[in-house]
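Here, each number is a calculation from the coordinates, and none is a lab measurement. All values derive from a computational prediction rather than experimental measurement. Because the Cβ atoms are built from the backbone with ideal geometry, glycine has one as well, and the counts that use them run over all protein chains shown.
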Amino acid sequence: MNDILGYKGKNVVVTGAASGMGQAAAQLLVDLGASVHALDIADISVPVEQSLKVDMKDAATMDAALSELPGEIYALFNCAGVPSPPFSALDTVLINFTGLRYLTEALIPRMVEGGSIASIASTAGMGWKPNLQRVRDFLSLDNSFDAAVKWLQENAAEVPDGYGFSKQCIIVYTMSQAKELAQQGVRINCIAPSPTDSGFMTKLKGEGQIPEEAVALFLPSNGRYATGEDMGSAVVMLNSELARFVSGNNLPVDFGYCAEITMGQRDDLLGLA
Ligand SMILES: NC(=O)c1ccc[n+]([C@@H]2O[C@H](COP(=O)([O-])OP(=O)(O)OC[C@H]3O[C@@H](n4cnc5c(N)ncnc54)[C@H](O)[C@@H]3O)[C@@H](O)[C@H]2O)c1
């Protein structure tokens with residue numbers, strides 16, 4: 001097959017590869033001939049080149065994985081993440097953003113020219129504009145878990161929604177990094193998925209006790225939950241050769257949900273317009 005997406009024989013790193021969107025991305029990348037290096041706290045079933053156990057809120061486990069990963073990386077897929085509830089606001093920000101930033105900044109020096117980073121944010125992070133100063137304060141900290149924990153504990157009252165904040169951080173971080181990475185010939189983007197049928201959704205509705213009717217308010221007008229494959233495909237597309245001039249974007253992957261809000265066609269429950 002013509003390698004139109006440009007992944008054949010390239011080293012790619014996928015976090016959250018055990019389930020849902022990350023699993024779907026990892027499988028697609030294997031099918032496309034990439035050399036997939038998969039990271040997760042859980043067991044990984046996709047037949048990848050290398051599976052490594054990491055806990056995204058534990059720097060030591062990421063340092064151990066970093067020592068095993070290849071010296072040259074073409075693409076990074078930041079897919080690992082958890083919902084809050086049931087996870088605490090603190091753990092959610094540490095896993096969803098601080099760990100993502102820690103790993104990303106450790107891998108950037110290994111990224112080849114023409115390489116690319118794609119992360120999974122959320123529609124829940126689309127209301128970042130009114131909160132930009134707080135997000136910037138958090139992003140201006142040292143890239144360390146100690147600094148993040150201290151700030152999050154001191155600012156707990158201002159960050160009641162750990163999940164939304166973690167995703168706002170991914171979106172603002174993506175846009176903030178684009179300039180410096182462009183000088184290295186590396187791209188960075190993220191996606192904002194609408195509700196997706198995955199382990200995450202099971203946890204949110206089950207242990208998090210969020211009722212079905214509440215989640216359904218955020219479904220696109222096709223009335224559908226997305227699949228992990230719907231989102232895995234979107235990040236594989238963004239990190240591919242076909243998107244080689246696309247950087248610094250947050251792409252809503254929501255079958256038009258955000259567009260409907262921007263056009264005043266449905267209630268702006270997340271304050272994103
Ligand atoms: N499912 C949704 O409705 C939805 C919507 C918007 C955004 N998202 C985001 O999509 C991303 C992927 O989630 P998903 O829906 O595929 O859910 P999922 O639960 O199926 O997959 C998440 C993966 O992350 C891994 N993970 C969780 N905590 C970890 C940790 N501490 N260290 C390492 N790995 C860890 C899990 O083991 C799992 O393999 C997440 O960042 C999530 O926030 C999900």
About its Cα centre, the chain carries a charge dipole, from +1 on Lys and Arg Cβ atoms and -1 on Asp and Glu Cβ atoms, whose size in debye to the nearest 20 is 480
If unit charges are put on Cβ atoms (+1 for Lys and Arg, -1 for Asp and Glu) and the dipole of segment 193-265 is taken about its Cα centre, the option from P195, L219, C258 lying farthest towards the positive end turns out to be C258
On the formula 1/(1 + (r/R0)^6), with r taken between the Cβ atoms of F245 and L132 and R0 of 25 Å, the FRET efficiency rounded to 0.05 is 0.45
Result: in segment 11-262 the number of Lys pairs with C-alpha under 26 Å apart, spaced 8 or more or on different chains, is 13
The relative contact order of segment 11-262, taking Cα pairs under 8 Å that sit 6 or more residues apart, comes to a percentage of 23
Here FRET efficiency (C-beta to C-beta, T227 to E154, R₀ 51 Å, nearest 0.05) is 0.80
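Taking Rh as the Kirkwood radius computed over C-alpha pairs, what is the Stokes-Einstein D of segment 1-63 at 37 °C in a medium of viscosity 0.692 mPa s, expressed in µm² per second?
Estimated diffusion coefficient is 277 µm²/s.
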Here P(r) for segment 57-144, Cα-Cα distances in 10 Å bins, as whole percents, is 14, 44, 33, 9, 0
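Against the 2.2 N^0.38 Å scaling, with N counting residues, where does segment 11-262 land? I'd like the Cα-based Rg ratio to two decimal places. Present the calculation step by step, with values, prior to reporting the outcome.
On the way: Rg = 16.8 Å, N = 252, 2.2 N^0.38 = 18.0 Å.
Working it through for segment 11-262, the quotient is 0.93.
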Taking segment 13-111, the equivalent ellipsoid from its C-alpha gyration tensor has semi-axes in Å, biggest first, of 21, 16, 11
The answer for N11, listing residues at least 5 apart or on another chain whose modeled amide H is closer than 5 Å to its amide H, is S35, Y74
In debye to the nearest 20, the charge dipole size for segment 105-228, taken about the Cα centre with +1 at each Lys and Arg Cβ and -1 at each Asp and Glu Cβ, equals 320
So the FRET efficiency between A216 and E68, C-beta based with R0 = 41 Å and rounded to 0.05, is 0.45
Kirkwood-based Rg/Rh on the Cα set of segment 179-273 evaluates to 1.04
